[in-house]
Amino acid sequence: MSDTAPPVGPDGAPRCPWALSAPDYLTYHDEEWGRPVHGDDALFERLSLEAFQSGLSWITILRRRPGFRAAFADFKIATVAEFTEEDRARLLADPGIIRNRAKIDATLANARVLADWAPGELDELIWSHAPDPAGRPAPRTLADVPAVTPESTALSKALKKRGLRFVGPTTAYALMQACGLVNDHLADCAARDAR
């Protein structure tokens, strides 16, 4: 238990400390992070953005998300799966995204794999790895929030086994946090129970 008061946002309500480092973070924290996300295309977007974030700060990805959405056809799996070599070259030259060859190639390859899955299959696979919320106490400090869990390791293995790339256990856990499979808002955070 922390003996200091949690940081408060501009409205006076307590927040997770990271949410107060930039206005973009505050909006993302309050309106998106940790709220359940369903749908194959929506989950493909989150999975792709988490992969692009690897080695970078999330704010970099968050601020470029409109560029990513434009470049990757709003992450519609069927459309991205049809991207050509010319599309790949366009992506590698696009200053509105992170122009990392390995991450771009992984996103295109993942879309091609996912295009062959049944509708709802990605959603079902990801959500089947959500841990029982009753078994997880609310984190009191950021030090209580793990980077990897047995569930994220299992999800990573399941995704890799099905042919997806750039989906390590840390990326899988960040996906689980972002998409509401786990609730890592701190115990005193006003957004914790707003999910």
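The values are calculated or read from the model by the stated rules, or taken from the named source; none is laboratory data. Everything quoted here is computed from the prediction, not taken from an experiment. Virtual Cβ from ideal backbone geometry, glycine too; neighbours counted across all protein chains shown.
Quick rundown of the values:
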{"item": "3 or more residues at pLDDT 95 or above and of a type in the set (D, E, K, R): qualifying helices (runs of 4 or more DSSP H) within segment 15-75", "result": "40-53, 58-71"}
{"item": "Which listed residue is touching a strand residue (DSSP E or B) at 6+ places or on another chain (Cβ under 7 Å), of a type outside the set (A, V, I, L, M) and either touching a residue at least 40 places away in the same chain (Cβ under 8 Å) or closer than 22 Å to Val37 by Cβ (or both), from Asp123, Asp132, Asp188, Asp184", "result": "Asp188"}
{"item": "Meets criteria (more than 25 Å from Tyr28 (Cα to Cα) and among the hydrophobic types (A, V, I, L, M, F, W, C)) for Ala115", "result": "yes"}
{"item": "Residue tally, condition out of contact with any helix residue (DSSP H, G or I) (no Cβ under 8 Å at 6 or more places or on another chain) and over 28 Å from Trp117 (Cα atoms), over segment 146-188", "result": "2"}
{"item": "Filter pass, Leu142 being of a type in the set (A, V, I, L, M, F, W, C), within 20 Å of Ser57 (Cβ to Cβ), touching an Asp or Glu at 6+ places or on another chain (Cβ under 8 Å) and touching a residue at least 60 places away in the same chain (Cβ under 8 Å)", "result": "no"}
